[in-house]
Amino acid sequence: ARGGNTVDAHRLIHLGAEHGIQDAVKERLLRAYVAEREPIGDHEALTRLAVEAGLDEAEVRDVLAGDRFLDEVRADERQAHAYGIS
């Protein structure tokens, strides 16, 4: 897989949860990252993949352009760290 910062991908998973398609978004992003070698930190790739999973393109672009769901992702990171996950 190609490396990259996954914070934005995790923010899109939160967006997917808001629309009831969290699993579909997560699976599409994971398959793209691991099997298809997509650049997980690239906004254009993330937008395309999120739309393929069923999210609205304009909303995805809006999330990626701002900091929506950033607090939630940071809370997830703290929780994972508390469990010993890095």
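The values are calculated or read from the model by the stated rules, or taken from the named source; none is laboratory data. Everything quoted here is computed from the prediction, not taken from an experiment. Neighbour counts are summed over all protein chains in view; Cβ atoms, including those assigned to glycine, are modelled from backbone coordinates with ideal geometry. Heads up: the accessible areas ignore ligands, DNA and RNA and are worked out on the full protein's heavy atoms, side chains in. Shrake-Rupley method; radii C 1.70, N 1.55, O 1.52, S 1.80 Å.
Quick notes
- Sparse packing (at most 14 other Cβ atoms within 10 Å of the Cβ) combined with a DSSP loop state is found for the following trypsin sites (Lys or Arg not before Pro) in region 9-86: R37.
- Each residue of region 56-62 is assigned a 3J(HN,Hα), and the resulting list reads 6, 4, 4, 5, 4, 4, 5 Hz, derived from the Karplus form 6.51 cos²θ - 1.76 cosθ + 1.60 (θ = phi - 60°), x at Gly and Pro.
- Every Cα-Cα pair of the chain was included, and the share exceeding 20 Å stands at 30 percent.
- Contact order, relative form, for the chain: 32 percent (alpha carbon pairs under 8 Å, 6 or more residues apart, mean separation divided by residue count).
- Counting heavy atoms of the protein chains alone, V60 has an accessible area of about 0 Å² for a 1.4 Å probe.
- Solvent-accessible area per residue in region 1-80 equals 56 Å², computed with a 1.4 angstrom probe and all protein chains kept.
- Phi angles of region 27-37 translate, via the Karplus equation with coefficients 6.51, -1.76, 1.60 and θ = phi - 60°, into HN-Hα couplings of 5, 5, 5, 5, 4, 5, 5, 7, 8, 9, 6 Hz per residue; Gly and Pro are given as x.
- Solvent exposure of H19, expressed as accessible area, is near 100 Å², computed with a probe of 1.4 Å over the protein chains only.
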